[in-house]
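> Here's a structure for you.
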């Protein structure tokens, strides 16, 4: 399971890099905001997988950490 999770985290990193390049090439602010939101969602997924992999034996601590980190990304992706 660890190998599959590691490969998926690498895939998320590649998606994050592609989103960053797409953000550079955008001219309209609306599409830039949408890409920024997608980038936040990818970061939440990476944090979720990292937390689940690291705290595999202690799911309560992992769920608290994941809820705290993902809540910040999902609620406020447009703030500084």
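Values in this text are rule-based calculations from the coordinates and carry no lab data. Here the structure is a predicted model, which means the values were calculated and not measured. Using ideal geometry, Cβ is built from the backbone for each residue, glycine included, and neighbour counts are taken over all protein chains shown.
> How far apart, in nm, are two points set 7 Å out from the Cα along the Cα-to-Cβ line at residue 34 and at residue 6?
Simple spin-label model gives 3.7 nm for this pair.
> Which of the peptides 21-33, 37-49 is most tightly packed, and how do the rest follow, judged by the mean count of other Cβ atoms within 10 Å per residue?
Per-residue mean Cβ counts within 10 Å order the peptides as 37-49, 21-33.
> Quickly work out the residue 52-to-residue 24 label distance, labels modelled 7 Å from Cα along the C-beta direction, and quote it in nm with one decimal.
About 3.2 nm, to one decimal.
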